[in-house]
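Taking it in order: structure first as structure tokens, then the write-up.
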Amino acid sequence: MIADMVFMLFMLTTAILILWLTSNAMINSKKISIFLPFFFYGILLCLSAAFSFYGIVDQKAWFAIEFTWTLLLLWVFINLRRENENN
Amino acid sequence: MKLSKLLAISFFAFSIIASLIFANYSYNLTNKQLEADLNQQVNQVAKTQTQAIEVFLAEQEKIFYKTFDEQLFARLLTLSPDDEQYDQVLKLVHNKLDQSKAISAGVTRPPGIMVASKIRTMIGRDVSSSPGVQKALKGSKDLYSSTIPEDTSSSLLLGQGRSIFNKNGMVVGAAGMQLSMDELKEIVGPLDQLGKTAESYLINENSLMITPSRFLTGKNKGVLTQKVDTINSQNCSHAIEDHSDNIAFLDYRGEEVIGTHQHISKPNWCLLIEVNKSEILDTLLKQAIKGIIATILPLIFMFTLVGFFLGRYFDKKNDGRKISRYPCGIKRKFQPWYCQLIGGNCATYPNGRCGKVIKTRKFFINLKLRYYFLFALIFTMGCFFLITSFFQGWQNAAFHNEISDLFATFVLILFFFYGFKLKSQPAKKLIISGSVLSIISKLTQIILEEYILKFGVIPISYWIPGTIISFIGLFLIFFGFKEVAK
């Protein structure tokens with residue numbers, strides 16, 4: 001039970017931190033679209049924390065979340081390439 | 001670096017990888033062999049014990065029918081105690097009952113009044129509440145058997161009874177006997193030949209243990225107090241007779257065991273044979289460790305030595321020249337391909353001349369993107385096959401859980417390779433280290449998922465270290481990305 005709470009709180013803290021950092025980066029750099037995948041990443045982490053809190057261990061739900069994470073990572077990779085070549 | 005050192009390291013690394021694959025293959029092979037041997041032994045023991053129990057029951061039936069004189073008993077039951085012949089017939093009946101090997105034997109009149117008994121004090125008692133007497137009075141020509149707790153000790157008695165019919169086919173009473181079951185304790189019980197945790201025991205039609213447990217303590221050792229509601233007992237009750245594979249399940253103690261069953265139709269008992277799975281795994285692990293120490297370690301040592309001396313030979317032959325200069329000939333052979341691979345200017349490596357040695361770091365920087373995909377794919381698939389080979393093989397992998405992790409690993413490897421191409425130095429460090437951490441966490445996740453598939457659910461605390469690494473990796477990637485986007 002304690003481990004469950006630690007896991008959930010850890011996810012929630014990371015999610016909030018990611019959302020906070022991403023929002024700051026978006027405002028400071030004035031580049032919203034390239035930071036969007038990180039923003040969605042933070043939202044997904046919040047969802048995962050909620051899933052964990054309510055004890056939803058349905059494989060399909062986790063599969064969907066993890067797959068979306070990977071797609072967001074791929075989006076970050078594409079943005080990274082574009083930014084590296086442009087700068 | 002000298003060739004001797006390089007070859008020793010290469011041979012050592014190669015022998016370690018080969019040993020891991022060999023150890024894993026050998027472990028799986030031994031596992032299958034051990035399971036097959038155990039299956040054979042357990043089934044053999046089950047058959048032998050069932051036969052012995054059936055012989056025991058047949059002997060008890062013989063004892064019953066040796067005493068059971070239906071005509072004489074019916075005559076007694078049709079006479080009234082006031083009749084002249086009654087005492088004479090009763091004496092004959094008592095003679096018959098006294099000769100019996102049973103602990104107690106008697107004849108009852110409906111609804112359950114004892115009229116003759118080996119234990120004389122029982123005569124005249126009302127035993128109608130006994131389920132055995134009730135069944136025996138129902139009017140069946142079949143022998144009814146049941147287990148009865150003995151009054152004076154914790155052991156059980158085998159109760160046998162049958163209806164008594166008169167000449168007209170009417171039920172006039174019942175005859176019953178109580179026989180010792182001590183002989184059964186010699187047939188079933190601990191099975192030391194199968195292991196320290198192996199045991200066989202009998203359960204009755206109500207799934208209650210009727211022979212003592214190897215593990216339970218106390219006066220009864222589970223007899224008539226321990227309910228056995230396991231997959232094995234259920235399969236036996238439903239008369240599932242497939243014994244080709246001994247199944248793993250939780251036994252009455254909650255331990256994971258491997259076992260089989262045999263159904264004994266009369267008197268509807270089940271013989272269950274079980275052995276702890278952990279004991280088999282321990283044996284397997286001990287064998288594997290012995291195998292590693294005896295064969296693999298000397299082989300690794302030998303391979304490393306061979307590599308070292310081979311290297312020394314080449315070192316001496318080439319006057320101690322360094323490796324960077326030495327494989328010029330080999331390099332020249334591969335240079336056109338190598339040059340094409342990294343998309344460099346091939347004209348700088350003319351045939352017949354050793355070109356400039358390209359460092360590994362530069363190799364990654366210059367590598368074309370499509371080769372990143374190829375490397376990422378090979379690495380991901382390699383990891384998948386390697387990890388699953390330590391568990392249940394790639395055919396039985398937890399695909400549903402792992403496919404997204406494998407995809408994530410693939411993308412993270414792309415990050416790792418692309419990190420070398422980044423122009424910003426801080427971003428390069430952050431992205432490479434972040435992707436390495438994330439790859440480690442994803443691979444850990446795959447290992448845990450395989451472990452769960454094989455051994456069952458693990459506490460959530462096991463996931464926490466991997467998740468922490470994964471989040472650190474994510475932050476590093478984020479900061480790296482931020483550096484690039486500046």
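A few notes on this one:
- Each peptide among B:135-143, B:78-86 gets the average number of other Cβ atoms lying within 10 Å of its residues, and from highest to lowest they stand as B:135-143, B:78-86.
- Drop in accessible area of at least 30 Å² in the complex versus isolated chain, residues of the range B:386-409, 1.4 Å probe: B:400, B:401, B:404, B:407
- Extent along principal axes [Cα atoms of the range B:41-284; Å; largest to smallest]: 77, 34, 26
- 1.4 Å probe accessible area per residue over the range B:41-284, in Å²: 51
- Convex hull volume per residue for the protein assembly as shown, taking Cα atoms only, in Å³: 203
- Helix A:2-29 axis, angle to chain A major axis (alpha carbon atoms, nearest 10°): 20
- Neighbouring Cβ atoms from other chains, within 10 Å of the Cβ of residues in A:32-44, number 1 on average.
- Shielding by partners - mean other protein chain Cβ count within 10 Å, residues of B:6-13: 0
- Rounded, prolate or oblate (a/c below 1.5 giving rounded, otherwise prolate when a/b exceeds b/c) for the range B:358-486 by Cα gyration tensor: oblate
- In a DSSP loop and with at most 10 other Cβ atoms within 10 Å, the chymotrypsin sites (Phe, Trp or Tyr not before Pro) in the range A:1-58 are A:54.
- Residue by residue along B:471-483, Cβ atoms of other protein chains within 10 Å of the local Cβ number 5 on average.
- Calculated FRET efficiency, residue B:34 to residue A:67, Cβ-Cβ distance, R0 = 22 Å: about 0.05 to the nearest 0.05.
- In terms of accessible area, using a 1.4 Å probe and ignoring ligands and nucleic acids, A:62, A:75 rank largest first as A:75, A:62.
- Trypsin sites (Lys or Arg not before Pro) lying in DSSP loop within the range A:1-84, provided at most 10 other Cβ fall within 10 Å: A:30
- Residues of the range A:1-29 buried by at least 50 Å² on assembly (accessible area, 1.4 Å probe, chain alone as reference): A:7, A:10, A:21
- Across the protein chains, with a 1.4 Å probe defining accessible surface, the residues B:263, B:400 rank B:400, B:263 from largest area downward.
- Computed over protein heavy atoms with a 1.4 Å probe, the carbon and sulfur contribution to the accessible area of the protein assembly as shown reaches 62%.
- Near residue B:53, once Lys and Arg are set to +1 and Asp and Glu to -1 for all other residues with Cβ below 13 Å from its Cβ, the sum equals -2.
- Radius of gyration and maximum dimension Dmax of the range B:1-160, Cα, Å: 33.1, 119
- Taking all protein chains together and a 1.4 Å probe, the residues B:213, B:389 rank B:389, B:213 from largest to smallest accessible area.
- Here residue B:371 sits with roughly 50 square angstrom of accessible surface, probe radius 1.4 Å.
- Chain pair A, B: total accessible area buried, heavy atoms, 1.4 Å probe, Å²: 3500
- With all protein chains modelled, accessible area of residue B:170 [1.4 Å, Å²]: 120
The values are calculated or read from the model by the stated rules, or taken from the named source; none is laboratory data. Everything numeric here is computed off the predicted structure, so don't read it as measured data. Please note: Cβ atoms are built from the backbone with ideal geometry, for glycine as well, and neighbour counts cover all protein chains shown. Quick note on the areas: whole protein, heavy atoms, side chains included, nothing else; ligands and nucleic acids left out. Shrake-Rupley method; radii C 1.70, N 1.55, O 1.52, S 1.80 Å.
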